[in-house]
Amino acid sequence: MSSKITFPVDASHILMFARAINETNAAYLDADAAKKTENGGIIAPPTFATCVTQFDPDPELRPTPGHAWYGSGRTASDAPPPGSTELHAEQHYEYYRPLRPGDILEVERKEGKTWSKEGRRGTLHFKERIAEYRDKASGELVMIARAVGVRVESKG
């Protein structure tokens, strides 16, 4: 499964995100102060890249009117199978340069590695998802985000 999403980075989105996570670094909030930093202007906080979900026409983690949602209860259409639990296990961001207002990124999401291992409560099934963020005009790789999910398959 691979999909591409266009992700415009806007200064007002950066400001709202920074305020939502109670970030106080002027590099994210104050254009005049940010000009004096080594980056020379406003940049996005490291976890801002998760906002790409808002530009996804078919979001996995955002409720969609008329459809059962993963987080809406035991009877939701994407609920884990009986006897298992799905968890977000890890998140990694590898930046080649900061995200800046005015960037228009093309984000390609794809499946990564899968693996399993035995745990105390059952088999742990790991699944990696990779998102590559590229400058839409130049094709330059700006960052890579890796997320690892784990599903527990209970013993007996």
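The values are calculated or read from the model by the stated rules, or taken from the named source; none is laboratory data. What you see is a predicted model, and the numbers here were worked out from it, not measured in a lab. No Cβ is skipped: glycine too gets one built from the backbone with ideal geometry, and neighbour counts run over all protein chains shown.
Among residues of segment 94-117 being assigned to a strand (DSSP E or B) and without any contact (Cβ under 8 Å) to a residue 60 or more places away in the chain, the one that is farthest from the chain's Cα centre (by Cα) is K117.
Residues in segment 16-29 that are of a type in the set (D, E, K, R) and surrounded by 14 or more Cβ atoms within 10 Å (Cβ to Cβ): E23 only. In segment 89-102, is there at least one residue being surrounded by fewer than 15 Cβ atoms within 10 Å (Cβ to Cβ), under 18 Å from I5 (Cβ atoms) and of a type in the set (A, V, I, L, M, F, W, C)? The answer is no, given that none of the residues of segment 89-102 is surrounded by fewer than 15 Cβ atoms within 10 Å (Cβ to Cβ), under 18 Å from I5 (Cβ atoms) and of a type in the set (A, V, I, L, M, F, W, C). List the pairs whose first member sits in segment 142-156 and is in contact (Cβ under 8 Å) with a residue 12 or more places away in the chain, whose second member is β-branched (V, I, T) and surrounded by fewer than 16 Cβ atoms within 10 Å (Cβ to Cβ), and whose Cβ atoms are under 6 Å apart, counting only residues at least 6 apart or on separate chains? That search, which allows pairs on different chains as well, returns V152/T85; E153/T123.
Could you pull out the residue among S72, S77, S84 that is within 30 Å of N22 (Cα to Cα), polar (S, T, N, Q), more than 14 Å from the chain's Cα centre (by Cα) and modelled with pLDDT under 95? Just a single option satisfies the conditions, and that option is S72. Can you tell me which residue within segment 14-51, out of those that are of a type in the set (A, V, I, L, M, F, W, C) and assigned to a loop (DSSP other than H, G, I, E, B), is farthest from I130 (Cα to Cα)? Applying the filter and picking the extreme gives I42.
Residues that are hydroxyl-bearing (S, T, Y) and within 17 Å of the chain's Cα centre (by Cα) were ranked within segment 1-44; the one that is nearest to R100 (Cα to Cα) is T6.
Please indicate, with yes or no, whether at least one residue in segment 129-149 is closer than 19 Å to P59 by Cα, of a type in the set (D, E) and modelled with pLDDT of 95 or more. Yes, segment 129-149 contains a residue that is closer than 19 Å to P59 by Cα, of a type in the set (D, E) and modelled with pLDDT of 95 or more. Scanning segment 40-67 for residues that are touching a Lys or Arg at 6+ places or on another chain (Cβ under 8 Å) and either free of Cβ contacts under 8 Å to residues at least 24 places away in the same chain or surrounded by fewer than 15 Cβ atoms within 10 Å (Cβ to Cβ) (or both) returns T53, Q54.
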